[in-house]
Amino acid sequence: MQKLSVNLDIPVPPDSVIISKVELQQLMQQELQGVYWSMKDLENKINRKSEWIKENILYPSKFRKKLDVENGGFVYYPKKQGQSWSFLATKMSKFLDEQFNEIFTK
């Protein structure tokens, strides 16, 4: 069997770096650590209005059981009018990724 050895230089632009996928995922998670989203932030993240988010994600019991802080979750459900929603960004982001198919298919 023949072998061919090649030494190849590939230039990396000065404004770029090469990192592993694991490192990239860790950096992305760190970016969300200690960050809380408002309802407006969540609307922007998933490109849906709050009414749709409430109807399809926040209020269905199958999701609310996991999400509500009162059940050990990571979403603060307002108790009275005028209070704001609050979402722990790291966990909400992970939840949306993991539940994508169930959320967006009926």
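Results for (1) exposed (fewer than 11 other Cβ atoms within 10 Å of the Cβ); (2) closer than 22 Å to L96 by Cβ; (3) among the hydrophobic types (A, V, I, L, M, F, W, C), shown as yes or no for each residue.
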position	(1), (2), (3)
D15	yes, no, no
S20	yes, no, no
M39	no, yes, yes
L42	no, yes, yes
E51	yes, yes, no
N56	no, yes, no
L67	no, yes, yes
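Give me a count of the residues in region 86-106 that are of a type outside the set (D, E, K, R) and under 18 Å from G34 (Cβ atoms).
8
Determine, yes or no, whether N44 is at pLDDT 95 or above, among the polar types (S, T, N, Q) and at negative phi.
yes
Tell me whether region 82-95 contains one or more residues that are of a type in the set (F, W, Y), in contact with an Asp or Glu (Cβ under 6 Å, 6 or more places away or on another chain) and modelled with pLDDT of 90 or more. Walk me through how you get there before you give the answer.
We begin by selecting, within region 82-95, every residue of a type in the set (F, W, Y); these are 85, 87, 95.
Then keep just the ones that are in contact with an Asp or Glu (Cβ under 6 Å, 6 or more places away or on another chain); that gives none.
No, every residue in region 82-95 fails to be of a type in the set (F, W, Y), in contact with an Asp or Glu (Cβ under 6 Å, 6 or more places away or on another chain) and modelled with pLDDT of 90 or more.
Tally time: how many residues in region 78-97 are crowded, with 16+ Cβ neighbours inside 10 Å and farther than 22 Å from Q29 by Cα?
Of the residues in that region, 0 qualify.
For region 22-37, enumerate the residues that are among the aliphatic types (A, V, I, L, M) and loosely packed, with under 10 Cβ neighbours inside 10 Å.
To start, the set of residues in region 22-37 that are among the aliphatic types (A, V, I, L, M) comprises 22, 24, 27-28, 32, 35.
The answer is V22, and nothing else.
Does region 1-57 hold any residues that are among the hydrophobic types (A, V, I, L, M, F, W, C) and touching a strand residue (DSSP E or B) at 6+ places or on another chain (Cβ under 7 Å), and which are they? Can you show your working first?
Narrowing region 1-57 to residues among the hydrophobic types (A, V, I, L, M, F, W, C): 1, 4, 6, 8, 10, 12, 17-19, 22, 24, 27-28, 32, 35, 37, 39, 42, 46, 52-53, 57.
W37, L42, listed by residue number.
The values are calculated or read from the model by the stated rules, or taken from the named source; none is laboratory data. Note that the structure is a prediction, hence the values are computed from the model and not measured. Virtual Cβ from ideal backbone geometry, glycine too; neighbours counted across all protein chains shown.
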